[in-house]
Amino acid sequence: MTHEILEKEKELFLHTYKRIPIDIDHGEGVFLFDKNGKKYLDFFSGLAVNALGYAHPKIVSAVSEQIAKFAHLSNYYITQIQIDFTGKLLNYSGMSKAFLTNSGAEAVEGAIKIIRKAFGPDKKIFSLTSSFHGRTYGALSLTAREKYRKGFEPLLKNIEQINFNDVKDMDAKLDNDTAAIFVEFIQGEGGINVLNDEFVQKLISLRGKYHFLIAADEIQTGIGRTGKPFAYNHYNFIPDIVLTAKAMGGGLPIGAILTSKKLGDVFSYGNHGTTFGGNPVCCAAGKVVLEEVFENSLLKNVDTVGKYLLENLIKLKAEFPKIIKEVRGKGLMIGVELFFECTEIVGLMRERGVLINCTNQNVIRLLPPLIITKENVDNFIVEFKSTLSGIK
Ligand SMILES: *Cc1c(COP(=O)(O)O)cnc(C)c1O
């Protein structure tokens, strides 16, 4: 069955994804079940999307209730569910205005438009080396890694890179000609790289001097993933633009551009738009996610269980010094860097019923649902330890 579906995939689809060879039947909480009834502990959660796990009863009922009224009206209308959701989002992010999108890349695109409109075509926009901001042309122009860019030039002009955590390089490049800098405070695709305090504090002081914008790409790190509402909360400051998506819809596609008050009227009527963005069914799911994360103590769970997971992984590093090079991350966004490629371990873990991801060749990336318990972590560690013990 799995074999057949994979063959059919090759026939029907553009070859952009290497699919994982399991045929999923359904999910429940932190677990996925394949068609043979095999159970998997999911420590990847649909790429940091399924924050509340699978088939969360509150999401199921909020979505069903909304879809029974109307699935879509278009942005010619404003609806109460959009107001409720967006009000909460602005409140918990500390931002002032919102534009709702369908995806992360679409949020990045809109942010680039805001920056270009506010600063004109000649000012520079920066991103950081090994960054990932999405696949569409504007987002790809910010994405630093060659692997994603190659073959797609020419990309947007006046976009340049600053070396990750390199204060000197940043100091040399940011000046009065700078419009904005896009940052992931913890890089996801890049291998769970955490920006250090020194770099971020210098960035904030340079913003004070040159008045450029800091656009926080919180698409992977946002909505509680790192144990704070947004990753910038670890550095005690508020960016000018915040981009969010992935976890925000609890599995349904919704993203957002959030801006400071002063950017509130860069766009005027007709400057930007989207047909599906802010879809009411997605907003209904998103409202549940925001309530669970920010009002029903899930954020605290991320902090406690995240620390517990990190501690246990650090112990494993001591036990397997020839396999594990470094363990890093915050909350439930953790990277385990190995001395070699991690694809084999990902496969072995899958056989043992645990789903994990490998990014940047040698970094095991853990992004479990935010609802995981210490018991789930214990089970994960048992399987991970057995897998590592079998590696020569
Ligand atoms: C996933 C991701 C994106 C792109 O989001 P899509 O919804 O896939 O378009 C952008 N930035 C970061 C940091 C991401 O993790």
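The table for this structure:
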quantity: Cross-link table 58/88; 300/325; 173/261; 228/385, entries beyond 22 Å C-alpha to C-alpha; calculated: 300/325; 173/261; 228/385
quantity: Added length on full extension, which subtracts the Cα-Cα distance from 0.36 nm per residue, residue 275 to residue 4; calculated: 94.0 nm
quantity: Positive-end residue of 136, 266, 119, charge dipole of the chain with Cβ unit charges; calculated: 119
quantity: Sequence-distant residues sharing a close amide H with residue 79 (under 5 Å, placed H); calculated: none
quantity: Net length gained if the chain between residue 307 and residue 16 were fully extended (0.36 nm per residue, minus Cα distance); calculated: 101.2 nm
quantity: Accessible area per residue in Å² at 1.4 Å probe, computed on region 1-126; calculated: 58
quantity: Hypothetical label at residue 176: residues of region 102-125 whose amide nitrogen lies under 17 Å (7 Å Cα-Cβ projection); calculated: 119-120, 122-124
quantity: Cleavage-rule hits (trypsin sites (Lys or Arg not before Pro)) in region 301-362: DSSP loop, at most 12 neighbouring Cβ within 10 angstrom; calculated: 322
quantity: Residue 72 paired with residue 350, simple spin-label distance in nm, labels 7 Å along Cα-to-beta-carbon; calculated: 3.2
quantity: Residue 178 long-range amide H proximity, modeled H, under 5 Å; calculated: 124
quantity: Residue-by-residue Karplus 3J(HN,Hα) for region 100-111, coefficients 6.51, -1.76, 1.60, Hz, glycine and proline x; calculated: 8, 10, 9, 7, x, 4, 5, 5, 4, 4, x, 5
quantity: Distance (nanometres) between label positions extended 7 Å along Cα→Cβ at residue 375 and residue 47; calculated: 3.2
quantity: Solvent-accessible area, 1.4 Å probe, carbon plus sulfur percent, for the chain; calculated: 53
quantity: Percent RCO, i.e. relative contact order, over region 166-232, from Cα pairs under 8 Å lying at least 6 residues apart; calculated: 39
quantity: Spatially proximal aspartates and glutamates relative to residue 97 (Cα-Cα < 14 Å; intrachain offsets below 8 disregarded); calculated: 84, 240, 265
quantity: Helix-only mean residue ellipticity at 222 nm for the chain, each DSSP H run of n ≥ 4 adding -39500 (n - 2.57), per residue, nearest 500; calculated: -11500 deg cm²/dmol
quantity: Electrostatic dipole magnitude of the chain [Cβ: Lys, Arg +1; Asp, Glu -1; Cα centre; debye, to 20]; calculated: 420
quantity: Around residue 290: net Lys/Arg minus Asp/Glu count, Cβ-Cβ under 13 Å; calculated: -1
quantity: Karplus 3J(HN,Hα) series, Hz, for region 54-60 with 6.51 cos²θ - 1.76 cosθ + 1.60 (x for Gly, Pro); calculated: 9, 6, 4, x, 5, 5, 4
quantity: Relative contact order, percent, region 57-295 [alpha-carbon distance under 8 Å, six or more residues apart]; calculated: 31
quantity: Cut-off 10 Å between beta-carbons: net charge of the residues surrounding residue 224, Lys and Arg +1, Asp and Glu -1; calculated: +1
quantity: Computed label-point distance, nm, for sites residue 392 and residue 361 using a 7 Å Cα→Cβ extension; calculated: 2.3
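The values are calculated or read from the model by the stated rules, or taken from the named source; none is laboratory data. Computed from a predicted model, the values in this text were never measured in an experiment. When we count neighbours, we look across all protein chains shown, and the Cβ atoms used for this are built from the backbone with ideal geometry, even at glycine. Just so you know, the surface numbers come from the protein's heavy atoms only, side chains and all, with ligands and any DNA or RNA stripped out. Shrake-Rupley method; radii C 1.70, N 1.55, O 1.52, S 1.80 Å.
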